[in-house]
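Once you've had a glance at the structure underneath, I'll fire off some questions.
The values are calculated or read from the model by the stated rules, or taken from the named source; none is laboratory data. Predicted, not measured: the structure shown is a model, and the values here were computed from it. Using ideal geometry, Cβ is built from the backbone for each residue, glycine included, and neighbour counts are taken over all protein chains shown.
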Amino acid sequence: MIDADLERELDRRFPSAWELYRKTAESRELEVSAANRGEAWRREEGWAVRWWDGGLRFATGSDRQRLAAAIPLAGKLPGRAEPAPPFPTGGLNPEGGQIPLQPDDPAAAVAAPPDLFAPLAQLVSEKSRGEAVLASLTLRRGRAVEEIRNSAGGRVRMESSSQLDGIARALGRRGPRICERRSVFRWDGEPDLQGVAGRLADGATLPLASRGPTFSRGAWLLDPAIAASFLAALAPLFCADALPLWVKRAEIASRRVTIADDASRDAPFDGEGTPTRRVVLVEDGVLASRLHDLRSAARAGRFSTGHGVRPSYRNPPRPGPRRLFFETAGGVSPRELLAGVARGVFARALTAPVFVDLDADRYEIEFTGVALSGGRASEPLAGARVSGRISELLARITQVATDRQFFPMPYPVGAPTILVERVNFE
Amino acid sequence: MEFDEALVARWLEPLVAGRGDIAEVFAETRRKTIVEWRDAEPGDAQVSIEAGVSARQRRGGRERIAFVSGSGEAAIREAVRALQASAKKTAPPSRPAPARADFDPGSSTERWVRRLETILARHAPRHRLRWSHEEISRHVVPLGSAASASTRRLFSVEGSFTAASRRVDETRSFSFHAPEADATADELRQALAAAAAARERPVSFGDGAVDVLFSGATAAVLFHEILSHALEADAGETPLSRLAAARISVSDLDVRDDPTRLDLFGGYERDDEGTRPRAIKLLDAGRLAGTLTDRAHADARGSSGHGRRAGPADAPLPRSSNTIVAAGAATSEEMIRRLGNGLWIEEIGSGTIELSSGRFRLAFPRGRRVRRGRFADEIGAGFLAGEILPTLSAVEPVIGRDVRICRSLGWCSRGGFVVPVQGEAPEVIVRRLSVRDR
């Protein structure tokens, strides 16, 4: 646990300009393939101190001793002059001043993930009509306790437990042709084996089709997984100090698009101890707000929005999304979206990572899917590519569905099926 | 990071039931310094000191690993106890033993910061670069063989800088990775100067099939993707499976994976299972020659010493290290003439491969068009793509004579596990790769 001696020492050396973070985590992982089975149990501890002594310094250690050794080493390094931002005060202190974190906490055992390889393998085989096999499935479950204290008296303690998340890999085969596909998923509730199996089966077998789209222009339906990948690629836009030149006006998307970030169901505070709150980033197509941590807020003369993100105790907090998603309140069912497509393509799985160049207003998405005609699927497509201006793509989103799903990227990103009109396919 | 190796080995004994079973303890201490540089001024600075231990048991196709932050006998005991509890074996006795401090406060980082300030100000004064310096000490206690310990110091500079082209300033990416050595600063200086050289404004190359001359050691990246990864023993089914000893490329081509090259970023004295590594021929005169193995995938000769971990929390996997392409006899001028019409590539930003199908993709930030054996237009960023076997069979039977180290190749991620790698290569020509503009 964080002891008062360490706080006093930090107060003495860096008065009014320090922040202390500690994380302990326990996790279990199960990796299963047809021939092998791997189990892992991990208990990790990490300490981090951030302080402003002329410039910003950051030191971390896997225990208190190593943290103490890292602080003077970081203090010797040069830095660029910068004042400390105002730290959040108060916080969550459930026992009136004493943070009840035991030295060996988190002691409660994390349940081992279930072995779902066999049922998922069965579903992948069924959905692909025997053309795809599940190669491996890794499932993970964990629990973490985080403590944050700062020189302004802010004290926060948070416990979080992740539900099941993992990665599955499938191989599709048709004659001599083979295709491999991975699916990364996170289940906040019951395991969605059907959804994962469907994505794996389509992703591993659709690229084996004989040809790409036979038409060059039409409507484009994006599967929630692809729409989420695109949204994650756009995320730096919501944290940038300066917006790219193409964002000249506040209207950056069609009126159907509302994007928000709200991690209040995951944690009451961010990685700097600022309370979590909902921030609407794009409202009815208009850029409405942006995400701040303490430093970026101080630079912009604003308050933190509660988006100081620590991917690990090893990294200093940075502004970033925590649970980013498309709003779907005004959406329609995916069936209605599909029925309205006279000619187009349903992008079902990515065949390469989404590429975006925010400064240059360019994107490129390579995918596999099915051709749509008269509101129905007509034939599988081996591969297709859509590229162009991000601003045009956002402006041509004509409808969102209600089937929003969240994907770990690595923070949760939620997207429904999305319809984009007047797209050129390559 | 000291502990009683014999005592730890005794704790591991109950985890092994028969021949072929593996039980080991792995301990790592890592000290990392990072300084963000912006326009020759140091910005945010950070120092990290971490220690972690893991205990591992492998029996048949079943593997268990238990990881605990910390060092010394207390942490090792906790990891072994967790492993034994899951294997339902008698746990080692619990007794408190304080962890020893295992970090050396002495550091070369301050000296490096002073040097970098000078180098960056002179060769790339406008930049956003991240410098990192890592000292990684590893200690392996495998049951049944001798314990080993080793230390590596790794140096990286990555980011972008603004360089003057003949018409307008442009942002160029830069990455440099090397084990810390006396010559590292000079090498960095040369690499930066070369990267900052004035260039013409790039034009589009267009999409299609093209003959490519891999210059500047970029052939090491190509063969790292299409040979080293495909010959990692746990790669599963790849286009190279079931082709043992088959001739798949020109007889002039020799490629090996050599972890013993400590002057390269991917080198090491012992692998992460404690095995002394050996160089493995991947392609011997165009014939498939070997695979990269760890203890779990060893053949009759035992592990080749390629069992590598991303960190103490991860299990070891057979991974490549330094991809070395043997020199041929042709000069650069002969190689350009031999290319005739095509694309000359001196930098590769990243590479990916899908092992099951053998399809790969290499992203290059720039290149030069070659017409009738002479340099023509500067070409902008694009992708090269192909498949393993057609690419290997399309290697031109003339290899360059000057071998260079590919310092831009430094970290390789497979399945999220990142290990240091590198390579060196002469110039190599490959016919009819797919090229596409970005």
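Quick check on my filter: what residues within the stretch B:325-373 are buried (at least 17 other Cβ atoms within 10 Å of the Cβ), in a loop (DSSP other than H, G, I, E, B), hydrophobic (A, V, I, L, M, F, W, C) and away from chain A (no Cβ under 14 Å)?
Those that are buried (at least 17 other Cβ atoms within 10 Å of the Cβ), in a loop (DSSP other than H, G, I, E, B), hydrophobic (A, V, I, L, M, F, W, C) and away from chain A (no Cβ under 14 Å): B:326, B:348.
I've got another one for you. The conditions are (1) part of a loop (DSSP other than H, G, I, E, B); (2) within 14 Å of chain A (Cβ to nearest Cβ); (3) crowded, with 21+ Cβ neighbours inside 10 Å, and residue B:310 fails exactly one of them. Which is it?
Going through the list (1) part of a loop (DSSP other than H, G, I, E, B); (2) within 14 Å of chain A (Cβ to nearest Cβ); (3) crowded, with 21+ Cβ neighbours inside 10 Å, residue B:310 breaks only (3).
Considering only residues of the stretch A:200-224 that are small (Gly, Ala, Ser) and assigned to a strand (DSSP E or B), which is surrounded by the fewest Cβ atoms within 10 Å (Cβ to Cβ)? First the steps, then the outcome.
First pass over the stretch A:200-224, keeping only residues small (Gly, Ala, Ser): A:201, A:203-204, A:209-210, A:212, A:216, A:218-219.
From what's left, assigned to a strand (DSSP E or B): A:218-219.
Working: A:218: 19, A:219: 22.
Going through the qualifying residues, I end up with A:218.
Condition check: free of Cβ contacts under 8 Å to residues at least 24 places away in the same chain and under 18 Å from residue B:408 (Cα atoms). Does residue B:171 satisfy that? Talk me through it step by step, then tell me what you get.
Numbers: free of Cβ contacts under 8 Å to residues at least 24 places away in the same chain: yes; under 18 Å from residue B:408 (Cα atoms): yes.
Answer is yes for this residue.
Of the conditions (1) facing chain B (nearest Cβ under 7 Å); (2) part of a strand (DSSP E or B), residue A:24 clears all except one; give me its number.
The failed condition is (1).
If the requirement is being crowded, with 20+ Cβ neighbours inside 10 Å and at pLDDT below 95, which of these qualifies: B:124, B:164? Outline the logic, then answer.
Numbers: B:164 fails: crowded, with 20+ Cβ neighbours inside 10 Å.
The unique qualifying residue is B:124.
Ok, one more. What number of residues in the stretch A:38-66 are among the hydrophobic types (A, V, I, L, M, F, W, C), more than 7 Å from chain B (Cβ to nearest Cβ) and touching a residue at least 40 places away in the same chain (Cβ under 8 Å)? Please lay out each step first, then the result.
Going through the stretch A:38-66, the residues among the hydrophobic types (A, V, I, L, M, F, W, C) turn out to be A:40-41, A:47-49, A:51-52, A:56, A:58-59.
Imposing the further condition that a residue be more than 7 Å from chain B (Cβ to nearest Cβ) reduces the set to A:47-49, A:51-52.
Okay, now just the ones that are also touching a residue at least 40 places away in the same chain (Cβ under 8 Å), so A:47-48, A:51.
Residues that pass the stated criteria total 3.
Taking the stated definitions as given, is residue B:36 touching a residue at least 40 places away in the same chain (Cβ under 8 Å), among the acidic types (Asp, Glu) and either more than 30 Å from residue B:117 (Cβ to Cβ) or outside any strand (DSSP E or B) (or both)? So that I can check it myself, show each step before the final result.
Numbers: touching a residue at least 40 places away in the same chain (Cβ under 8 Å): yes; among the acidic types (Asp, Glu): yes; either more than 30 Å from residue B:117 (Cβ to Cβ) or outside any strand (DSSP E or B) (or both): no.
Considered against the rule, which asks whether it is touching a residue at least 40 places away in the same chain (Cβ under 8 Å), among the acidic types (Asp, Glu) and either more than 30 Å from residue B:117 (Cβ to Cβ) or outside any strand (DSSP E or B) (or both), residue B:36 comes out as no.
If you don't mind, there's one more thing I want to ask. Checking the structure you have, find out if any residue of the stretch B:257-279 is in a strand (DSSP E or B), away from chain A (no Cβ under 14 Å) and surrounded by fewer than 24 Cβ atoms within 10 Å (Cβ to Cβ). Lay out the reasoning, then the answer.
Filtering the stretch B:257-279 for residues in a strand (DSSP E or B) gives B:257.
Right, trim to away from chain A (no Cβ under 14 Å) and you get B:257.
Checking which are surrounded by fewer than 24 Cβ atoms within 10 Å (Cβ to Cβ) leaves us with none.
Within the stretch B:257-279, not a single residue is in a strand (DSSP E or B), away from chain A (no Cβ under 14 Å) and surrounded by fewer than 24 Cβ atoms within 10 Å (Cβ to Cβ).
Can I ask one more? Within the stretch A:12-47, track down each residue that is among the small types (Gly, Ala, Ser) and more than 30 Å from residue A:91 (Cα to Cα). Step through it out loud before you land on a result.
Applying the first criterion (among the small types (Gly, Ala, Ser)) to the stretch A:12-47 yields A:16-17, A:25, A:27, A:33-35, A:38, A:40, A:46.
Of everything in the stretch A:12-47, those that are among the small types (Gly, Ala, Ser) and more than 30 Å from residue A:91 (Cα to Cα) turn out to be A:33, A:34, A:35, A:38, A:40.
Next question, about the same structure. Can you go through A:70, A:35 and tell me which one is of a type in the set (Gly, Ala, Ser), out of contact with any helix residue (DSSP H, G or I) (no Cβ under 8 Å at 6 or more places or on another chain), facing chain B (nearest Cβ under 10 Å) and part of a loop (DSSP other than H, G, I, E, B)?
Only one candidate qualifies: A:35.
Of the numbered conditions (1) at pLDDT below 95; (2) under 20 Å from residue B:422 (Cα atoms); (3) touching a Phe, Trp or Tyr at 6+ places or on another chain (Cβ under 7 Å), residue B:226 satisfies every one except a single condition; which is it?
(1)
Mind listing whichever residues of the stretch A:410-426 are in contact with a strand residue (DSSP E or B) (Cβ under 8 Å, 6 or more places away or on another chain) and part of a loop (DSSP other than H, G, I, E, B)? Full working, then the answer.
Initial filter on the stretch A:410-426 (in contact with a strand residue (DSSP E or B) (Cβ under 8 Å, 6 or more places away or on another chain)): A:411-426.
Within the stretch A:410-426, A:411, A:416, A:417, A:425, A:426 meet the criteria.
Can you pull out the residues in the stretch A:123-150 that are farther than 25 Å from residue A:112 by Cα, part of a helix (DSSP H, G or I) and of a type outside the set (Lys, Arg)?
A:125, A:126
Moving to a separate point now. Name the single residue that is farthest from the other protein chains (Cβ to nearest Cβ) among those in the stretch A:73-93 being assigned to a loop (DSSP other than H, G, I, E, B) and aliphatic (A, V, I, L, M).
Taking the stretch A:73-93 first, the residues assigned to a loop (DSSP other than H, G, I, E, B) are A:77-80, A:82-93.
Checking which are aliphatic (A, V, I, L, M) leaves us with A:77, A:84, A:92.
On the way: A:77: 4, A:84: 13, A:92: 25 Å.
By that ranking, first place goes to A:92.
Looking for whichever is at pLDDT 95 or above, closer than 19 Å to residue A:362 by Cβ and surrounded by 24 or more Cβ atoms within 10 Å (Cβ to Cβ) here; the options are A:197, A:232, A:227. Which one fits? Before you say what the answer is, go through the steps one by one.
Details: A:197 fails: closer than 19 Å to residue A:362 by Cβ; A:232 fails: surrounded by 24 or more Cβ atoms within 10 Å (Cβ to Cβ).
It is A:227.
If we keep just the residues of the stretch A:270-288 that are farther than 23 Å from residue A:91 by Cα and within 19 Å of the chain's Cα centre (by Cα), which is surrounded by the fewest Cβ atoms within 10 Å (Cβ to Cβ)? Walk me through how you get there before you give the answer.
Here is the first cut: in the stretch A:270-288, the residues farther than 23 Å from residue A:91 by Cα are A:280-288.
Still in the running and within 19 Å of the chain's Cα centre (by Cα): A:280-282.
Working: A:280: 15, A:281: 22, A:282: 23.
Within the stretch A:270-288, the match that is surrounded by the fewest Cβ atoms within 10 Å (Cβ to Cβ) is A:280.
Also: Scan the strands (runs of 3 or more DSSP E) fully inside the stretch B:388-438 and keep the ones with 2 or more residues being in contact with a Gly (Cβ under 6 Å, 6 or more places away or on another chain).
So the answer is B:428-437.
Taking the residues in the stretch B:48-75 that are touching a residue at least 24 places away in the same chain (Cβ under 8 Å), hydrophobic (A, V, I, L, M, F, W, C) and within 7 Å of chain A (Cβ to nearest Cβ) as candidates, determine which candidate is farthest from residue A:31 (Cα to Cα).
That would be B:49.
For the stretch B:314-321, check the following and say yes or no: at least one residue is in a strand (DSSP E or B), within 14 Å of chain A (Cβ to nearest Cβ), closer than 30 Å to residue B:145 by Cβ and of a type in the set (A, V, I, L, M).
Of the stretch B:314-321, the ones in a strand (DSSP E or B) are B:317-318.
Adding the requirement that they be within 14 Å of chain A (Cβ to nearest Cβ) leaves B:317-318.
If we keep only those that are closer than 30 Å to residue B:145 by Cβ too, we end up with B:317-318.
Among the residues that remain, those that are also of a type in the set (A, V, I, L, M) are: B:317.
Yes, that holds for at least one residue.
Let me ask you something else. Quick check: is even one residue across the stretch B:2-22 touching a helix residue (DSSP H, G or I) at 6+ places or on another chain (Cβ under 8 Å), buried (at least 24 other Cβ atoms within 10 Å of the Cβ), assigned to a strand (DSSP E or B) and more than 10 Å from every other protein chain (Cβ to nearest Cβ)?
No: the stretch B:2-22 contains no residue that is touching a helix residue (DSSP H, G or I) at 6+ places or on another chain (Cβ under 8 Å), buried (at least 24 other Cβ atoms within 10 Å of the Cβ), assigned to a strand (DSSP E or B) and more than 10 Å from every other protein chain (Cβ to nearest Cβ).
Which residue is surrounded by the most Cβ atoms within 10 Å (Cβ to Cβ), if the candidates are limited to the stretch B:403-419 and must be over 25 Å from residue A:137 (Cα atoms) and more than 11 Å from the chain's Cα centre (by Cα)? Outline the logic, then answer.
The initial filter retains those residues of the stretch B:403-419 that are over 25 Å from residue A:137 (Cα atoms), namely B:403-411.
Retained after the next criterion (residues that are more than 11 Å from the chain's Cα centre (by Cα)): B:403-405.
Details: B:403: 18, B:404: 17, B:405: 21.
Residue satisfying both the conditions and the ranking: B:405.
To continue, here is another question. Residues of the stretch A:308-350 being touching a helix residue (DSSP H, G or I) at 6+ places or on another chain (Cβ under 9 Å), away from chain B (no Cβ under 14 Å), surrounded by 21 or more Cβ atoms within 10 Å (Cβ to Cβ) and not in a strand (DSSP E or B), which ones?
The answer is A:320, A:321.
Please tell me if residue B:137 is closer than 24 Å to residue B:307 by Cβ, away from chain A (no Cβ under 14 Å) and at pLDDT 90 or above.
On the way: closer than 24 Å to residue B:307 by Cβ: yes; away from chain A (no Cβ under 14 Å): no; at pLDDT 90 or above: yes.
No, not satisfied.
Which numbered condition trips up residue B:432, out of (1) farther than 30 Å from residue A:175 by Cα; (2) modelled with pLDDT of 95 or more; (3) surrounded by fewer than 17 Cβ atoms within 10 Å (Cβ to Cβ)?
(1)
Taking the stretch B:31-47, which residues are more than 9 Å from every other protein chain (Cβ to nearest Cβ) and basic (Lys, Arg)?
Result: no residue meets the conditions.
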